[in-house]
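Taking it in order: structure first as structure tokens, then the write-up.
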Amino acid sequence: MTETESVTEHHMAPEEEHEEEYALFRQVMADLEGDVLIEGSYVHKQPRRLFFQVLPDKLRDVVQYFMTTHDMWQASTLSGRDLGDDLQANYHFFLNDQKIAITLRVNVPRNKPEYSSITDLMPAFEFVENELRELFGVIPVGHPKPRRCELPENWPKNEYPMRKDWADPRGLMQRSKTTGPKKPEEY
Amino acid sequence: MTESDEPRIVIPPRVTIPIGPQHPALKEPGMFKLTVEGERIIDAEVNIGYNHRSIEKIAEGRTFLQVLYLAERICGICSATHNGTLAQAVEAAAEVEIPERAKFIRTLTWELERIHSHILWLGVAFHEVGFDTAFMYSWRDREVVMDLLETLSGNRVNYAMNTIGGVRRDVTDSLKETLLKGLDKLEERMKYYRDVAIYEKTFWNRVDGVGVLPNKIAKSHGAVGPTGRGSNVPTDVRFNDPTQAYVHLRDSGEFEMVLSDREDVAGRAIVRVVETIEAVRMCRWLLHNLPDGPIRERVRPRIQPNEVLARYEAPRGEVIHYLVTNGSDKPERWKVRAPTHANWVSMAYTLRGGYLADAPIILAAIDPCFSCTDRVVLVDAEDETIQLKPLDVLRAESNKWYESRT
Amino acid sequence: MGFLRKLINRARVKSPYVFHFNSGSCNGCDIEIIAALMPRLDLERFGIKLVGSPRHADVMLCTGPVTEQIKPRLQRIYEQMAEPKFVVAIGSCACSGGVFRGSYNVLGGVDQAIPVTAYIPGCPPKPSAITYGAYKLLEVLSEQLGISEDVAAEPVAEEQTESIKEAVEA
């Protein structure tokens with residue numbers, strides 16, 4: 001994905017009708033100067049949605065900041081994304097006091113997709129981080145229990161099906177499209 | 001000194017019992033490894049992934065309208081949930097405001113689905129505690145709401161009510177009468193089941209004090225839906241982050257979040273039963289206040305680049321759809337988080353320390369939906385209060401102890 | 001055919017034990033199967049009884065497309081059933097893979113893993129359709145097993161008859 005496209009994806013909200021979101025956004029940006037990048041962090045047009053672009057090695061600090069300062073306990077999920085040169089991990093949380101959903105995301109380079117896991121801070125991420133490792137090949141370093149998660153046991157090691165460049169070398173996605181009913185003697 | 005002077009500690013052997021992938025107590029394939037000492041469960045491990053159908057990958061090759069029907073088939077019980085939440089996400093990405101009447105009808109389908117799902121759960125719960133009469137009764141009355149859904153949408157399970165930009169079928173005046181009549185019947189029956197659940201000892205004695213999930217643990221383990229609300233955790237997207245007609249429902253002030261501070265399976269059951277009655281009232285409110293107007297808005301098939309996070313309170317808890325669009329008619333990335341996924345961790349906590357005989361009802365208490373989840377949870381057995389030692393370590397230690405005595 | 005065998009066959013048709021297995025379904029078909037067994041339609045009036053173990057079952061009801069992970073388990077459970085055994089694929093996914101065709105983890109219909117006797121299409125089939133399918137299966141079985149029924153047997157597809165014959169002989 002090119003630079004221009006990733007900019008147009010972010011729809012900034014107007015200041016009016018989003019006062020609460022902007023107040024929280026400004027406070028976080030002031031408190032976490034240096035950990036959170038200005039580019040990629042914004043208040044979304046959809047009501048009650050904030051996005052923060054976090055430096056990969058600062059993710060743990062930022063999560064701890066939210067847990068202590070803003071009483072963040074509801075961990076929603078983690079979604080991976082393939083941006084071309086980079087792979088992205090999006091951590092979704094919900095702040096129940098302010099009633100605002102926040103997304104913390106880290107970009108990791110494709111040739112070395114590693115960042116430190118936050119499963120020990122929030123146990124709810126244990127299996128979604130496993131899933132991210134399996135489907136995208138992004139490795140949360142320090143994960144307490146790396147193990148097989150969704151894919152079948154005989155899946156090869158270096159194939160990550162959710163990456164955009166996964167070429168389907170064994171024709172799996174065509175297989176189920178072409179099969180017809182089997183005759184009894186074929187079993 | 002004889003040996004009998006010293007206190008003897010008998011530790012029953014640890015046995016691991018695998019349950020699944022096929023088991024009468026499970027309606028769907030999943031594997032549970034329960035480690036027990038005598039009758040006590042000390043460790044629970046959940047192994048899913050039998051249902052992984054790679055829906056997120058297929059979706060990247062299909063158009064939004066096609067994905068809408070794929071989303072419906074993530075789960076048959078909450079089909080309107082995923083269908084409507086995706087439609088909502090795409091509309092938010094396209095920045096389209098759908099007509100008010102469409103919002104009301106969409107919410108109506110959601111609430112009717114909540115009624116059917118909760119009655120289904122109630123029946124399963126009655127069955128798990130061995131109260132099969134009430135199981136049959138509640139499933140008979142579930143047919144009432146299934147008929148309402150069938151008259152409303154044309155199908156019993158996969159309703160396909162939502163489309164991008166509105167809904168596909170209108171509510172006529174005669175249909176409204178039918179729905180209101182059916183809702184009256186349902187409310188009467190649900191009040192009966194509420195009394196059955198609370199005053200009937202066959203049910204109550206099996207759920208009272210079973211599977212305790214303290215409020216603090218429910219928060220830290222991220223319990224959602226009736227599981228969380230049964231432990232007094234105020235998580236309900238309908239009131240915390242309302243969309244569609246829930247904004248009007250919340251503003252009307254007639255409805256409020258159902259919470260229970262009992263923290264056990266009984267609390268979760270009460271939350272569900274009372275919520276069903278609330279859902280009946282919500283449906284009636286929606287039908288009485290149904291605005292006039294068109295039911296759908298035209299939306300261009302190509303959606304501008306955007307990223308949205310759509311949330312909705314499914315019968316089982318919070319559903320999240322994270323959708324990234326790239327200007328084409330196909331999604332760039334679509335991620336679904338189903339509520340059961342968030343409840344596994346807290347469920348494993350409630351299993352620990354309970355009796356093996358209570359495991360089915362504790363499992364059923366979160367209303368697990370494997371097809372929504374199709375993921376794996378691994379929960380560790382490190383229980384801080386009990387010092388656990390594997391048998392071989394124990395044997396080695398006892399050998400050492402005997403050696404030191406001789 | 002001895003007397004005992006005749007008696008057993010008659011019992012088998014009069015009261016088949018069914019067993020439900022979910023091979024990756026979305027739950028839609030599963031709740032409709034249970035709805036078919038519930039008071040309104042009451043499949044049990046045809047003598048059909050739901051059991052929990054494959055060892056007790058004559059008929060296996062399969063729902064959902066077969067995923068890579070479940071395939072060996074499905075085959076193992078099929079092997080555990082006693083002969084003669086029949087498989088009914090319920091729902092579009094179980095018949096052909098349905099909406100999940102094109103997924104890297106889905107093999108297609110149930111017939112990609114085990115032989116199937118009857119197919120009940122629909123997404124999901126209504127409880128009445130499931131009841132009709134079960135009734136049809138009983139009809140075919142009674143014809144194959146040489147038991148005269150008072151119901152008029154309708155003509156059955158050639159392939160289906162073949163597979164049933166084989167399954168009965170096996």
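The values are calculated or read from the model by the stated rules, or taken from the named source; none is laboratory data. Everything numeric here is computed off the predicted structure, so don't read it as measured data. Here Cβ is always computed from backbone atoms with ideal geometry, including for glycine, and neighbour counts include all displayed protein chains.
Data for the structure
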| quantity | calculated |
| --- | --- |
| Set B:GLU318, B:GLU307: member being at pLDDT 85 or above, within 12 Å of chain A (Cβ to nearest Cβ) and in contact with a His (Cβ under 9 Å, 6 or more places away or on another chain) | B:GLU307 |
| Qualifying residue in the range B:236-252 (condition: β-branched (Val, Ile, Thr) and under 22 Å from the mean Cα position of the chain (by Cα)) | yes |
| Every residue from the range B:39-84 that is under 20 Å from C:VAL106 (Cα atoms), touching a residue at least 24 places away in the same chain (Cβ under 8 Å) and among the basic types (Lys, Arg) | B:ARG53, B:ARG62, B:ARG73 |
| Residue, nearest to B:PRO18 (Cα to Cα), within the range B:36-71, restricted to residues that are aliphatic (A, V, I, L, M) and in contact with a Pro (Cβ under 7 Å, 6 or more places away or on another chain) | B:ALA59 |
| Candidate set from the range C:32-62 (those that are in contact (Cβ under 8 Å) with a residue 60 or more places away in the chain and not in a loop (DSSP other than H, G, I, E, B)); member that is farthest from the chain's Cα centre (by Cα) | C:ALA35 |
| Selection status of C:ALA89, in contact with a strand residue (DSSP E or B) (Cβ under 8 Å, 6 or more places away or on another chain) and either in a loop (DSSP other than H, G, I, E, B) or of a type in the set (A, V, I, L, M, F, W, C) (or both) | yes |
| Matching residues, the range B:219-231, being in a helix (DSSP H, G or I) and at pLDDT below 85 | B:LYS219, B:SER220 |
| When residues of the range B:108-166 are limited to those that are farther than 30 Å from B:ASP208 by Cβ, within 12 Å of chain C (Cβ to nearest Cβ) and in contact (Cβ under 8 Å) with a residue 12 or more places away in the chain, the one surrounded by the most Cβ atoms within 10 Å (Cβ to Cβ) | B:VAL157 |
| Subset tally (residues that are at pLDDT below 80, more than 12 Å from chain C (Cβ to nearest Cβ) and touching a helix residue (DSSP H, G or I) at 6+ places or on another chain (Cβ under 7 Å)) for the range B:35-60 | 3 |
| One residue from B:ASP251, B:ASP264 being touching a Leu at 6+ places or on another chain (Cβ under 9 Å), acidic (Asp, Glu) and surrounded by fewer than 24 Cβ atoms within 10 Å (Cβ to Cβ) | B:ASP264 |
| Condition check for B:ARG281: on the phi < 0 side of the Ramachandran plot, out of contact with any strand residue (DSSP E or B) (no Cβ under 9 Å at 6 or more places or on another chain), crowded, with 24+ Cβ neighbours inside 10 Å and charged (D, E, K, R) | no |
| Whichever residue in the range C:17-28 is more than 7 Å from chain B (Cβ to nearest Cβ) and modelled with pLDDT of 85 or more and, among such residues, is surrounded by the fewest Cβ atoms within 10 Å (Cβ to Cβ) | C:TYR17 |
| Those residues of the range B:163-210 which are closer than 16 Å to B:ARG272 by Cα and either assigned to a loop (DSSP other than H, G, I, E, B) or not assigned by TED's automatic domain parsing to the domain that holds B:HIS127 (or both), in sequence order | B:ASP208 |
| Counted residues, the range C:95-148 - those being polar (S, T, N, Q), in contact with an Asp or Glu (Cβ under 8 Å, 6 or more places away or on another chain) and more than 27 Å from A:GLN174 (Cβ to Cβ) | 1 |
| The one condition in (1) in a loop (DSSP other than H, G, I, E, B); (2) crowded, with 19+ Cβ neighbours inside 10 Å; (3) of a type outside the set (Lys, Arg); (4) over 24 Å from the mean Cα position of the chain (by Cα) that B:GLU307 fails to fulfil | (1) |
| Scope the range C:64-108; condition closer than 25 Å to C:LEU141 by Cβ, small (Gly, Ala, Ser) and either in contact with a Pro (Cβ under 7 Å, 6 or more places away or on another chain) or more than 11 Å from chain A (Cβ to nearest Cβ) (or both); matching residues | C:GLY64, C:ALA82, C:GLY91, C:SER92, C:ALA94 |
| Filtered residues of the range A:9-25 (kept if more than 14 Å from chain B (Cβ to nearest Cβ), surrounded by 14 or more Cβ atoms within 10 Å (Cβ to Cβ) and assigned to a helix (DSSP H, G or I)) | A:TYR22, A:LEU24, A:PHE25 |
| Candidates B:THR133, B:THR151 - the one that is more than 23 Å from C:ILE130 (Cα to Cα), assigned by TED's automatic domain parsing to the domain that holds B:ASP264 and not acidic (Asp, Glu) | B:THR133 |
| Which numbered condition A:GLU131 misses (of (1) farther than 30 Å from C:ALA118 by Cα; (2) at the interface with another protein chain (Cβ under 10 Å from one of its Cβ atoms); (3) surrounded by fewer than 18 Cβ atoms within 10 Å (Cβ to Cβ)) | (3) |
| Within the range A:80-95, considering residues that are assigned to a strand (DSSP E or B) and over 21 Å from B:ASN240 (Cβ atoms), the one farthest from the other protein chains (Cβ to nearest Cβ) | A:ASP86 |
